[in-house]
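For reference, the structure discussed in these notes is given below.
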Amino acid sequence: MFAAFLQYLFSGLTSGAIYALAGLGFAIIYNASHVINFAQGEFIMIGGMASATLVAAGVPMPLAIVLALLISMAVGVALEKFAIEPARNADVVTIIIITIGASIFLRGATQIILDKEFHSLPAFSGETPIGVMGATLMPQSLWVFAVAAVMIVGLWWFFNRTMFGKAMLATSHNRLAAQLVGVGVKKVLLASFALSALLGAVGGVVVTPITFTNYEAGIMLGLKGFSAAVLGGLGNGGGAIIGGLIVGIVEALASGYLSSAYKDAIAFVIILFVLFFMPNGLFGKRGTDRV
Amino acid sequence: MGTLLEISGLTSHYGRIQALKGIDVTVAEGELVALVGANGAGKTTLLRCISGVQPVSGGSVRFDGADITTLVAEKRVGLGISQSPEGRQVFGPMSVEDNLRLGAYLRSGPEIQADMQRMYDMFPILYKKRELPAGTLSGGQQQMLAIARALMGKPRVLLLDEPSMGLAPLLVEEIFRTIVALKEAGTTIFLVEQNAYAALAIADRGYVLETGSVVLSDTGQALISNEKVKEAYLGL
């Protein structure tokens with residue numbers, strides 16, 4: 001009984017960590033531009049697909065992973081440069097639709113350049129399950145937790161301890177004032193896409209040994225990352241992390257105790273619930289400002 | 001003293017509405033120049049054009065002899081144009097200290113710390129509250145922070161947009177005393193105010209802006225005693 005619960009919890013935390021990274025990606029771009037980047041899931045997919053393809057082609061895994069992250073970041077930067085920036089005077093909804101178009105384009109391009117097959121990566125440190133109080137934990141899950149934790153700590157450090165990180169935060173709080181102290185908002189926007197792409201790709205790489213990946217894998221992961229971000233309060237980094245873990249755990253418990261047929265529906269139920277009952281999310285800004 | 005800031009024939013539009021209709025304004029080094037006018041006259045628009053955050057549709061902005069009309073905002077800060085914007089616009093959730101540090105975003109080196117200390121000496125309340133989120137400060141304290149943040153950029157010209165807006169009379173006095181002190185320390189200041197009397201009283205020269213055009217310009221004292229100005233802006 002408890003072992004089963006623990007088992008669901010492990011699997012929920014594993015996918016939750018990936019949703020958290022995707023949710024952070026949404027939050028970072030949203031903060032820099034108020035755009036919801038629906039191509040976020042494609043960064044996850046590209047990270048997984050590129051690393052799997054490179055490893056299959058004989059590139060040593062560490063190098064393949066680094067290359068996959070760089071490819072994903074390059075795609076993020078290109079997306080901003082060639083799709084978002086030319087439309088910077090359009091309204092936010094238009095730009096959001098552009099990101100949906102970009103995500104379809106990226107899926108199509110992956111299909112053509114790579115293929116339509118499922119791919120996997122070897123687990124980073126073996127496949128021997130670890131027994132924990134009757135439940136089993138795959139070593140790769142530990143990799144997922146650890147890598148997500150490192151990314152989160154790294155992000156915290158970046159936004160709180162580096163000048164450029166603070167400038168990105170400042171831009172999200174007050175774009176005009178940021179420009180007036182000399183922050184280049186174009187650079188901030190570009191960096192936000194590169195950073196979000198990196199977060200997504202890291203998630204994609206570490207989870208691929210568990211879930212496999214193909215050109216369509218980003219759709220669901222992206223939408224679940226989005227529901228994580230919405231649940232946590234759009235634009236709130238800590239909220240996105242907790243939102244991701246909640247989405248992951250609820251989804252795993254629901255598919256365990258109810259039916260696995262509902263697994264993918266959970267994220268959408270959560271989005272609807274949040275939109276109906278707490279549109280600011282768990283930790284979102286209430287609309288109060290000193291005038 | 002040479003001309004530092006020279007605006008000639010400047011026009012700017014919001015969509016089809018023309019907010020500035022050919023403005024000519026100069027600010028010389030070391031001067032305190034006031035721009036007064038009613039709400040909606042285009043004062044804030046002019047300052048935003050100078051800082052490069054509002055598109056210019058005609059005319060030119062020259063700074064220290066160089067044409068900066070099309071320069072992006074961050075480069076202008078680098079040249080030495082800092083602005084304390086209307087409505088203060090502090091980075092609310094960030095600490096007072098971070099707000100100040102961001103004022104020196106384009107600078108580096110050890111003297112930033114010394115400048116920060118200077119700001120704290122000038123506004124001791126900011127030192128006391130340095131670790132608090134800027135959004136929790138009172139309106140007057142936020143105004144001091146906005147001015148201090150602009151000063152952290154080591155400006156060659158300081159643009160102040162409505163520093164007295166929404167403040168209690170005692171605080172207004174304090175802000176204006178600060179502006180006078182800054183001027184006496186040699187800072188070049190371009191002050192935009194609705195509080196025409198207070199602004200003109202401390203200004204070397206002043207301009208009166210009406211619906212996008214400069215209608216009067218003279219020394220601050222002369223404008224204060226000008227009948228038209230008295231009637232329209234000073235309520236005398």
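Here, each number is a calculation from the coordinates, and none is a lab measurement. From a predicted model like this one, the values you see are computed outputs, not experimental measurements. Note: ideal-geometry Cβ built from the backbone for every residue, glycine included; neighbour counts use all protein chains shown.
Quick rundown of the values:
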quantity	calculated
Once exposed loop GluC sites (Glu not before Pro) are cut out (DSSP; at most 16 other Cβ, 10 Å), longest piece of chain B	B:132-236
Simple spin-label estimate for A:A123 and B:R62 in nanometres, 7 Å along Cα-Cβ	7.3 nm
J(HN,Hα) series, the range B:81-97, from Karplus relation 6.51 cos²θ - 1.76 cosθ + 1.60, nearest Hz, glycine and proline x	10, 10, 10, 9, x, 4, x, 6, 6, 6, 7, x, x, 8, 5, 4, 4
DSSP loop GluC sites (Glu not before Pro) with at most 16 other Cβ within 10 Å: longest gap in chain A	A:1-116
Relative contact order (percent, whole number), chain B, Cα cutoff 8 Å, 6+ residue spacing	27 percent
Amide H contacts under 5 Å for A:F283, placed H, 5+ residues apart	A:G233
Separation of the B:A185 and B:A222 label points, Cα + 7 Å toward Cβ, nm	3.1 nm
Positive-end extreme of charge dipole, chain A - chosen from A:F38, A:P209, A:F283 (charges on Cβ)	A:F283
R0 of 22 Å, Cβ-Cβ distance B:K154-B:D204: FRET efficiency to nearest 0.05	0.50
Relative contact order %, the range B:151-236, counting alpha carbon pairs below 8 Å whose residues are six or more apart	23 percent
GNM result for chain B, Cα springs below 10 Å: residue of B:G92, B:G139, B:G212 fluctuating most strongly	B:G92
Computed [θ] at 222 nm, deg cm²/dmol, the protein assembly as shown (DSSP H ≥ 4; -39,500 (n - 2.57); rounded to nearest 500)	-18000 deg cm²/dmol
Label point 7 Å beyond Cα of A:V66 along Cβ direction - residues of the range A:138-171 with amide nitrogen under 17 Å	none
DSSP-loop chymotrypsin sites (Phe, Trp or Tyr not before Pro) across the range A:150-182, with at most 14 other Cβ within 10 angstrom	none
Cα-based shape type of the range A:2-277, given that a ≥ b ≥ c are square roots of the gyration tensor eigenvalues and the cut on a/c is 1.5	prolate
Ratio Rg/Rh, restricted to the protein assembly as shown and using Cα atoms, in which Rh is the Kirkwood radius	1.08
Calculated from backbone phi, Karplus (6.51, -1.76, 1.60) coupling profile of the range B:25-36 in Hz, x at Gly/Pro	9, 10, 10, 8, 4, x, 7, 10, 10, 10, 10, 10
Contact order normalised by residue count of the range A:2-277, Cα under 8 Å, 6+ apart, percent	40 percent
Estimated dipole of chain A in Debye, rounded to 20 [Cβ of Lys and Arg +1, of Asp and Glu -1, Cα centre]	840 debye
At R0 = 25 Å, FRET efficiency that the Cβ-Cβ distance of A:T162 and A:T136 yields, to 0.05	0.05
Cα gyration tensor shape for the range A:1-92, rounded if a/c is under 1.5, else prolate or oblate	oblate
Sparse-neighbour loop sites [trypsin sites (Lys or Arg not before Pro); the range A:91-188; at most 11 other C-beta within 10 Å; DSSP]	A:K116
